[in-house]
Amino acid sequence: INSILLDAIEKRAELIHFKPGKDKVDIFYRFADRVENVFNFHKALLGLIVDRLKVMAELELTDHGHPQAGHASVQYKNQISTFIVSMLPTNFGESLTIQFKGADGTVQSLANLGFETNEQAVKQRVTILLLIWSVTINNML
């Protein structure tokens, strides 16, 4: 996981996303102007990566069925990079997102990340996501 974090920092990615699939996990870096699929690995390694990030972010190691979020940091070239770790259970394992904080300790704004800042559009998308998440959770039970 350290090599992934350091690679993303060196390439100046704003966000790392681990998207689990049936047999593999794709890793995407988010930059200011694009999303790039950087590589993938066999799904068997996902549990090790999830556990390592949970330890780094001081999250509940045994909880794989609920969303979790925490903070962690890594040192690179005499600078400490702080990031937010978010985990969401999916049908293929836990989906991970690592969002790097700026030098001032704040995360990128929605506009800087390429999202709409229109409040009504954001509320509609959040409502849709919550509905999808609720249906997914109910189907898992």
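The values are calculated or read from the model by the stated rules, or taken from the named source; none is laboratory data. Source: prediction; values computed, not measured. Cβ coordinates were reconstructed from backbone atoms using ideal geometry, including for glycine residues, and neighbour counts include every protein chain displayed. Side chains are part of the model used for accessible areas, which takes the heavy atoms of the whole protein and leaves out ligands, DNA and RNA. Shrake-Rupley method; radii C 1.70, N 1.55, O 1.52, S 1.80 Å.
Brief remarks on what is shown
- Put a dot 7 Å past the Cα of Asp7, heading toward its Cβ, do the same for Asp26, and the two dots end up 1.6 nm apart.
- Lys pairs under 14 Å by Cα in region 1-82, provided they are eight or more residues apart or on distinct chains: 4
- Most to least accessible of Met87, Met56 (protein chains only, probe 1.4 Å): Met56, Met87
- Rounded accessible area per residue of region 9-54, 1.4 Å, Å²: 58 Å²
- Electrostatic bookkeeping for His17 treats Lys and Arg as +1 and Asp and Glu as -1; over the other residues with beta carbon under 9 Å from its beta carbon, the sum is +1.
- Net lengthening on full extension, Leu48/Ile84 (0.36 nm per residue, minus Cα-Cα): 11.1 nm
- Distance between the pseudo-spin-label points of Lys101 and Val38 (7 Å out from Cα toward the beta carbon): 2.0 nm.
- Within the shell defined by Cβ-Cβ distances under 12 Å, the residues around Pro67 carry a net charge of -3, with Lys and Arg each +1 and Asp and Glu each -1.
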